[in-house]
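A short worksheet on the structure shown next.
The values are calculated or read from the model by the stated rules, or taken from the named source; none is laboratory data. These numbers come from a predicted model, not from an experiment. Please note: Cβ atoms are built from the backbone with ideal geometry, for glycine as well, and neighbour counts cover all protein chains shown. With ligands, DNA and RNA removed, areas are computed over all heavy atoms of the protein, side chains included. Shrake-Rupley method; radii C 1.70, N 1.55, O 1.52, S 1.80 Å.
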Amino acid sequence: MSSLLNIYNRKKIYFLKGKGSYVYSTNKKKYLDFVQGIAVNCLGHSNSHLIKAINKQAKKIWHVSNIFNIPEQEILARRLTKATFADYVVFQNSGAEATEVAIKMARKYFYSKGQINKNRILCVNNSFHGRTIATIFASNSKKMTEGFYPKVDGFDHFNFGDHKGLEKKITKKTAAILVETILGEGGIKVIPDFCLKGLRKLCNKKKILLILDEVQCGIGRTGKFLAFEHAKIKPDIVPIAKGIGGGFPIGACLVNKKVASCMKPGSHGTTFGGNPLAMSVGNAVLDIVLKKKFLNDVKKNGDYLQLKLKNLQKKYPNIIKEVRGVGLLIGLKLGVNNVKFIEKLMKNYLLTAKASENVVRILPPLNVKRNEINEAVEIIDKVCKNFK
Ligand code: PLP
């Protein structure tokens, strides 16, 4: 019997090692890993540049409290601000924490302007922002909140795509709109560029903040460093995590000057967030991901994979109902049970992950090779062909 708290229906498999797009199990099988820790290992397993960076840092210093200067943190923050809309960065350890600090900053911003009742955040029903007590009530999904009442107040909700409902829900107390640029757990639901533009305009008109959660869709996954860049807009606050650590736990919140001015020493803090070991890995990830050619290749490979999947959709219209996503953040909405389909893919040595709306998520590493994409497509084709 396991001593682990029973919070996951884990697959009965153990992985001994990973290299690039592949993982190797204890029973000596090789799997094509198109989960990659759920969009975490952006450079695949055991990337040599990341290994070098972490080993080098491990020999110097691992952890220093945030009460002292941490040069590696300052370097990563400067690189992130240079590459994005942001003027400031605060480091955390996970996506949920990064989103929590986004919520805190939105509230504190209006508090610091004397608008103390302007503190509510408007979110999408059944979105996903993490598993802390605040972020589950931001997401408002029954599955996540059941049994965890009393409710954390301060969140209002609208349905994905309901523009009128969204406008109606904005009141004098609304401080910010918080949405995932692409809903990940929710089923790879893309907010079209014109809607993102509309959201920015609406926030300007109502003088409220726009928070875009890029924890899953950010760090190059869509072929731009941050997914909202496709829409050519600038949000006010952006939580990131997952890919920025390439497998090492890092969260961060990016923020513009206007909002950042409300935060003072003591407003927020973290013991582990931004320690030298984490920062050395984050910097090494940026060495690769920020290169224009790298991002262009993500887009090209994403388009290639999506085209192949759309061809499969034509071949098996009762099985694949829709191909969703941007770049290498891809979802297949199925006409058959997604859990069963994922099991069959796994039996054929392809790892994928489920999402809401009967979706199978396909999340290769960002440096995936063409022959690996072709291999995955062949497996999906075979599973569709034989699906009963
Ligand atoms: N926000 C989004 C969009 C996510 O997809 C996730 C995790 O999947 C989170 C927040 C929470 O991140 P973490 O699990 O690192 O707390």
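For the range 293-345, a tally of residues being charged (D, E, K, R) and in contact with a Cys (Cβ under 9 Å, 6 or more places away or on another chain) returns 1.
Return the pair list, or none, for Cβ contacts closer than 9 Å from residues in the range 119-131 that are under 18 Å from Arg200 (Cα atoms) and open to solvent by less than 50 Å² (accessible area, probe 1.4 Å) to residues that are within 11 Å of the ligand (Cβ to nearest atom) and part of a loop (DSSP other than H, G, I, E, B), at least 6 apart or on different chains. If the second residue must be within 11 Å of the ligand (Cβ to nearest atom) and part of a loop (DSSP other than H, G, I, E, B), the pairs left are Cys123/His129; Val124/Gly186.
Would you point out which residue out of Gly251, Gly223 is closer than 15 Å to Val101 by Cβ and touching a residue at least 60 places away in the same chain (Cβ under 8 Å)? Exactly one residue qualifies, and that residue is Gly251. The condition of being part of a loop (DSSP other than H, G, I, E, B), β-branched (Val, Ile, Thr), buried (at least 24 other Cβ atoms within 10 Å of the Cβ) and within 16 Å of the ligand (Cβ to nearest atom) holds for only one of Ile219, Ile211, that being Ile219. Taking the conditions (1) within 25 Å of Phe15 (Cα to Cα); (2) out of contact with any His (no Cβ under 9 Å at 6 or more places or on another chain); (3) open to solvent by less than 50 Å² (accessible area, probe 1.4 Å) in turn, Leu309 satisfies each one other than (1).
Each row is one residue, and each column tells you yes or no for (1) under 28 Å from Asn338 (Cβ atoms); (2) free of Cβ contacts under 8 Å to residues at least 24 places away in the same chain; (3) of a type in the set (A, V, I, L, M, F, W, C).
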residue	(1), (2), (3)
Leu210	no, no, yes
Glu229	no, yes, no
Lys232	no, no, no
Val238	no, no, yes
Gly247	yes, no, no
Val259	no, no, yes
Cys262	no, no, yes
Gly269	no, no, no
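Of all residues in the range 170-208, those being of a type outside the set (D, E, K, R) and assigned to a loop (DSSP other than H, G, I, E, B) number 10. Note on the range 143-156: among residues that are of a type outside the set (S, T, N, Q) and within 16 Å of the ligand (Cβ to nearest atom), the one that is nearest to Lys206 (Cα to Cα) is Phe155. Selection within the range 238-262: residues that are in contact with a helix residue (DSSP H, G or I) (Cβ under 9 Å, 6 or more places away or on another chain) and over 30 Å from Gly44 (Cβ atoms). The member of this set that is farthest from the ligand (Cβ to nearest atom) is Ser261.
Filter the range 368-384 down to the residues that are open to solvent by 60 Å² or more (accessible area, probe 1.4 Å) and touching a residue at least 24 places away in the same chain (Cβ under 8 Å) and list them by number. Answer for the range 368-384, where residues must be open to solvent by 60 Å² or more (accessible area, probe 1.4 Å) and touching a residue at least 24 places away in the same chain (Cβ under 8 Å): Lys369, Arg370, Glu375, Lys382. Taking first residues from the range 49-67 that are aromatic (Phe, Trp, Tyr) and partners that are part of a helix (DSSP H, G or I) and open to solvent by less than 100 Å² (accessible area, probe 1.4 Å), the Cβ contacts under 8 Å between residues at least 6 apart in sequence or on separate chains come to Trp62/Pro276; Trp62/Leu277.
Scanning the range 35-71 for residues that are more than 16 Å from the ligand (Cβ to nearest atom) and under 30 Å from Leu183 (Cβ atoms) yields Leu43, Gly44, His45, Asn47, Leu50.
Considering Asn140, Asn93, the condition of being within 16 Å of the ligand (Cβ to nearest atom) and farther than 14 Å from Gly245 by Cβ is satisfied by Asn140 alone.
Close Cβ contacts (under 9 Å, 6 or more residues apart or on different chains) running from residues in the range 70-91 that are open to solvent by less than 70 Å² (accessible area, probe 1.4 Å) to residues that are assigned to a helix (DSSP H, G or I) and of a type in the set (Phe, Trp, Tyr) comprise Phe85/Phe228. Would a scan of the range 302-311 turn up a residue that is under 26 Å from Lys104 (Cβ atoms) and in contact with a strand residue (DSSP E or B) (Cβ under 6 Å, 6 or more places away or on another chain)? Looking for residues that are under 26 Å from Lys104 (Cβ atoms) and in contact with a strand residue (DSSP E or B) (Cβ under 6 Å, 6 or more places away or on another chain), one finds none in the range 302-311, hence no.
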